[in-house]
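> I'd like to ask some things about the structure below.
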Amino acid sequence: MNGATRETGDANGGETILCSTSGTASRPVFPFAALIGQAPLQQALLLAAIDPGLGGVLISGPRGTAKSTAARALAELLPEGQLVNLPLGASEDRLIGTLDIETVLRDGSVRFSPGLLAKAHRGVLYVDEVNLLPDALVDALLDAAASGVNTVERDGVSHSHDASFVLIGTMNPEEGELRPQLIDRFGLMVELQNAFEPRTRQAIVKARLAFDHDAAGFRAAHAQQQADYAQRIRAARAALPQLAFDDAVHAQVSALCIDAAVDGLRADLVMLRAARALAALDEAAEVTAQHVDRVADAVLIHRRRQPDSRAPSAGRSESAASPSQQRASNEAAEGAASAPSSTETDWGYLPPEPTAAVPVKSVIALAAKKR
């Protein structure tokens, strides 16, 4: 960590962040290397740190699953060590910056006041409860995260600046979801679960207590691992441009994305870049199908569609179905078309189901016989 930054956080230790040396109270950051039972999350964060162009990481999980702790711990591993927090009530101007139009009209020069995207350049932009932000704000930060450039336009005047950062968004699904159009634009996603394995749970609690009791000693015990992580990120960033994809890797990516019935080609591109970042992290000589398999879950978990929406498998078309299958499909479609939609009925509506029926004549005859 460079000398231009220092560490600060809240009293519980779980919200520690890095800030500039102009801050006041100083509190240490929980080490990234000390996270327990979070291997998929750690891998996703490291890949985003190696290649920020992946589009960031979305972390979904219930309260108390170390979402914010892990996200903030990553910033310390980066060469710049900078973390910028996007407040929940931030305006668009605070995020992207503002242009002083009066200065343009008076002097003909552009006066730009940088926003949080400019401050996050070469660092980490952390967005807690990203699912509660306005869609326009999420769209703007995802644009910058994917392109590495932020452009501000006002009344025909525009200004662009570099904004390459690691985007990390967290959300609790109990508080609402992101729209599919937005969630798809996050490069990677990790879903965290509560720890119900006794040994893992106890290990997490012991580590937290040890850190709270003696943060300096706890960090010193993980200093070498932290240094190793930082070195691996720097080396992987340097090796990234030299790694290419062969046909076997492309074939594996295509097969996985087709099987998941994803929309568009974003999943293919992200999976290739994530596999390349993982190969660089592993110091591998080339990207392999094994690297693809190891990143597939994080790429597809938020893009995978339901089985009934998948396209027909290769070598089989809808016309290849048997006549009986076609009749059953047509009858099901007619039934679905005739049933009222969920928007036209009360919540919880279920379509009527056929039941066994007795002819009316048989019922009358049976009643007469009983008399």
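The values are calculated or read from the model by the stated rules, or taken from the named source; none is laboratory data. Just so you know, these numbers come straight off a predicted model, no measurement behind them. Because the Cβ atoms are built from the backbone with ideal geometry, glycine has one as well, and the counts that use them run over all protein chains shown.
> For the stretch 103-124: of the residues being modelled with pLDDT of 90 or more and of a type in the set (D, E, K, R), which is nearest to GLU80 (Cα to Cα)?
Step one: list which residues in the stretch 103-124 are modelled with pLDDT of 90 or more, which gives 114-124.
From what is left, the residues that are of a type in the set (D, E, K, R) are 119, 122.
Values: LYS119: 12, ARG122: 7 Å.
The qualifying residue nearest to GLU80 (Cα to Cα) is ARG122.
> Could you tell me whether PRO52 is within 21 Å of MET189 (Cα to Cα) and modelled with pLDDT of 90 or more? Walk me through how you get there before you give the answer.
On the way: within 21 Å of MET189 (Cα to Cα): yes; modelled with pLDDT of 90 or more: yes.
Taking the combined requirement at face value, the residue satisfies it.
> Let me ask you something else. From the set of residues in the stretch 236-286 that are small (Gly, Ala, Ser), crowded, with 16+ Cβ neighbours inside 10 Å and within 15 Å of PRO52 (Cβ to Cβ), which is nearest to the chain's Cα centre (by Cα)?
Within the stretch 236-286, the match that is nearest to the chain's Cα centre (by Cα) is ALA274.
> Next up: Pick out the one residue from ILE36, ILE50 that is closer than 17 Å to VAL205 by Cβ and in the same structural domain as ALA163 (by TED's automatic domain parsing).
Details: ILE50 fails: closer than 17 Å to VAL205 by Cβ.
Result: ILE36 is the single residue among ILE36, ILE50 that is closer than 17 Å to VAL205 by Cβ and in the same structural domain as ALA163 (by TED's automatic domain parsing).
> Within the stretch 124-131, is even one residue without any contact (Cβ under 8 Å) to a residue 24 or more places away in the chain and assigned by TED's automatic domain parsing to the domain that holds LYS67? Outline the logic, then answer.
The initial filter retains those residues of the stretch 124-131 that are without any contact (Cβ under 8 Å) to a residue 24 or more places away in the chain, namely none.
Within the stretch 124-131, not a single residue is without any contact (Cβ under 8 Å) to a residue 24 or more places away in the chain and assigned by TED's automatic domain parsing to the domain that holds LYS67.
> Residues in the stretch 158-185 that are under 22 Å from ILE96 (Cβ atoms) and outside any loop (DSSP other than H, G, I, E, B): how many?
Going through the stretch 158-185, the residues under 22 Å from ILE96 (Cβ atoms) turn out to be 158-171, 178-179, 181-185.
From the residues that got through so far, the ones that are outside any loop (DSSP other than H, G, I, E, B) too are 158-162, 166-171, 181-183.
Here the count works out to 14.
Yes/no matrix, rows are residues, columns are (1) at pLDDT below 95; (2) on the phi < 0 side of the Ramachandran plot; (3) aliphatic (A, V, I, L, M):
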position: ALA66; (1), (2), (3): yes, no, yes
position: SER91; (1), (2), (3): yes, yes, no
position: ILE96; (1), (2), (3): yes, yes, yes
position: ILE101; (1), (2), (3): yes, yes, yes
position: LEU133; (1), (2), (3): yes, yes, yes
position: ALA146; (1), (2), (3): yes, yes, yes
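> Any chance you could count how many residues in the stretch 153-190 are modelled with pLDDT of 90 or more and either over 18 Å from the mean Cα position of the chain (by Cα) or assigned by TED's automatic domain parsing to the domain that holds ALA277 (or both)?
Our first condition is that a residue be modelled with pLDDT of 90 or more; within the stretch 153-190, this holds for 160-172, 182-190.
Going one step further and asking which of them are either over 18 Å from the mean Cα position of the chain (by Cα) or assigned by TED's automatic domain parsing to the domain that holds ALA277 (or both), we end up with 160-163.
The total comes to 4.
> From (1) under 25 Å from VAL127 (Cβ atoms); (2) surrounded by 13 or more Cβ atoms within 10 Å (Cβ to Cβ); (3) among the small types (Gly, Ala, Ser), pick out the condition that doesn't hold for ALA203.
(1)
> Also, I was wondering about something else. Among all residue pairs at least 6 apart or on different chains, which show Cβ distances below 7 Å where the first residue, located in the stretch 69-96, is outside the structural domain of ALA34 (by TED's automatic domain parsing) and part of a strand (DSSP E or B) and the second is of a type in the set (Gly, Ala, Ser) and surrounded by fewer than 21 Cβ atoms within 10 Å (Cβ to Cβ)?
none
> Would you confirm whether any residue within the stretch 118-139 is within 21 Å of ARG266 (Cα to Cα) and assigned to a loop (DSSP other than H, G, I, E, B)?
So far as the stretch 118-139 goes, no, none of its residues is within 21 Å of ARG266 (Cα to Cα) and assigned to a loop (DSSP other than H, G, I, E, B).
> Is the stretch 9-16 home to any residue that is modelled with pLDDT under 50, over 25 Å from the mean Cα position of the chain (by Cα) and crowded, with 17+ Cβ neighbours inside 10 Å?
no
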